[in-house]
Amino acid sequence: MDIDDLAKRLRFLLVAGAAAIALCGLPQTASAQETDEEEEEEEQPVLPSTAFVLSGYGTVGWSASSEEGGGNLFTANFNPIFLFQFEDRFLFEAEFEFELQGGVTETGLEYAQLDVIATDFLVFVGGKFLLPFNVFGERLHPTWINKFPTSPPIYGHHISGFGADPLLPILSDLGLMARAAATPGRWLLGGSAYISQGPALEEHEEEEGGEEHADEELPEIGFPGSSGDNNKNKSLGLRLDFALPPWMEVNFSVLNGDYDEEGLLDFTAYGVSAEARTSGFEVRGEFIQTRQEIETEEGFPELVRNGFYAQAAYRWWNFEPVLRWTQIFNSELEGEKEEDGARQMGFGLNYWLTASIAIMAGYELNRESGLPLDNDRFVIHAAYGF
């Protein structure tokens, strides 16, 4: 064997050895990559499909009335809100209210609803929900959101003997609702349509001796929000929203339904609300008109009532002065005055400890058309939203 043959064989052995090593190494490298990928998959967290949040608000306060026998009293209430979400499509929310009334703790279910998020712009709602009539009852009535320590008298919850009955309570009812929204350019357009149990005759307590203190000629209407219905008729409602965030918003509302047990007497309410804000200054207002059929010997005339409130507030550092004017006009039956109206001027001052904790003080001057009233009231409370 000469030197050339030996050199050729050595080169062959080197090439063959290198190829063998490469072939042996390929499966090992692939196996290591697969193992690394499996470890990465195992290390990725598994996201839960459900979420739970406890929110709500609480209030402690004190009020004093100039009315004879009105006295003064401390108050406290607690409103927990429970939110349960399943993935991105289903949300169940409920609010309970615990409030002291006459030394007794009263409980209530403010709302309990299931929201089905069909698309980014369409939501279906079922259960007991706050009716989207104007915006105060649905968005602003919680004590830490409402900038005045009492509700506008057109929505009730005001001092006894204000001088005129509220036009509507803070509305909640059982039913179904669809909510839609669109965003053409900078505008936000929205709409809410619903069907619910509807209004019913307000039940009155009897005075001693068995006599009712209600005026039978002018039946009062309530929204009991119970699982039962006093007639076969259902109430229909609609609200349209036009907003240019964050500067302004305008809303138009209507609802209609029969309120008597026979389903003959009709009740209709119309509402307009608007708000505008800039540089710490905010102004808002809401108008309501109600038309209620009354049964008389002559037929079914309509009792027409109108009222509004307007409110202005200015945020300066942690302080926020508030001015609110409320007017309920004389009610009319067939064009003739049936009941006197009333008005209220409210002066308030808020001090914000945090973004959701505030001390709010307010003084209400109450006046009734044609009659001197002495039922002014001072109210102060601390509201905590959590």
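Long-range amide H contacts for GLY341: which residues qualify at under 5 Å (H placed 1.01 Å from N, peptide plane, sequence gap of 5 or more or a different chain)?
Answer set, sorted by chain and number: ASN330, SER331, SER369.
I'd like the chymotrypsin sites (Phe, Trp or Tyr not before Pro) in segment 117-190 restricted to DSSP loop residues with at most 13 other Cβ atoms within 10 Å, sorted by number. The partial results should precede the final answer.
On the way: sites: PHE121, PHE124, PHE129, PHE133, PHE136, TRP144, TYR155, PHE162, TRP187; in loops: PHE121, PHE133, TRP144, PHE162, TRP187.
Sites meeting the loop and neighbour criteria: PHE121, TRP187.
Does a label point 7 Å from the Cα of THR278, set along Cα-to-beta-carbon, have any residues of segment 308-333 with amide nitrogen under 12 Å, and which are they?
Counting backbone N atoms under 12 Å from the label point, the list is empty.
Based only on other Cβ atoms within 10 Å, what is the fewest-to-most ordering of ASP120, ASP115?
Details: ASP120 9, ASP115 20.
Sorted ascending by nearby Cβ count, the order is ASP120, ASP115.
Normalised by the residues of segment 247-386, what does the relative contact order come to in percent, with Cα pairs under 8 Å and at least six apart? Before the final figure, lay out the partial values.
Working: 333 pairs, mean separation 18.8, N = 140.
In percent, rounded to a whole number, it is 13.
Work out the FRET efficiency for LYS232 and LEU353 from their Cβ-Cβ distance, taking R0 = 56 Å, and round it to the nearest 0.05. Display every interim value, and only then the final one.
Details: r = 51 Å, r/R0 = 0.91.
Efficiency for this residue pair is about 0.65.
Which order do ILE221, ILE380, ILE328 fall in if you start with the one that has the fewest other Cβ atoms within 10 Å?
Numbers: ILE221 20, ILE380 17, ILE328 28.
Lowest count first: ILE380, ILE221, ILE328.
What's the exposure ranking of SER279, SER356, going from fewest to most Cβ atoms within 10 Å? Working shown, then result.
Values: SER279 7, SER356 13.
Neighbour counts put them in this order, fewest first: SER279, SER356.
Checking the a/c ratio against 1.5 first, then a/b against b/c, what shape does the Cα gyration tensor give for segment 123-203?
Values: a/c = 2.67, a/b = 1.45, b/c = 1.84.
Oblate is the answer for segment 123-203, as a/c is 1.5 or above yet b/c matches or exceeds a/b.
At a temperature of 4 °C and a viscosity of 1.567 mPa s, determine how fast segment 241-373 diffuses translationally according to Stokes-Einstein, using the Kirkwood radius over alpha-carbon pairs as Rh; express D in µm²/s, rounded to the nearest whole number. Mind showing how you got there, number by number?
Working: Rh = 17.6 Å.
Approximately 74 µm²/s, per Stokes-Einstein.
Bear in mind these aren't lab numbers, they're just calculated from the coordinates by the rules spelled out. What you see is a predicted model, and the numbers here were worked out from it, not measured in a lab. Don't worry about glycine lacking a Cβ; one is built from the backbone with ideal geometry, like all the others, and counts go over all protein chains shown.
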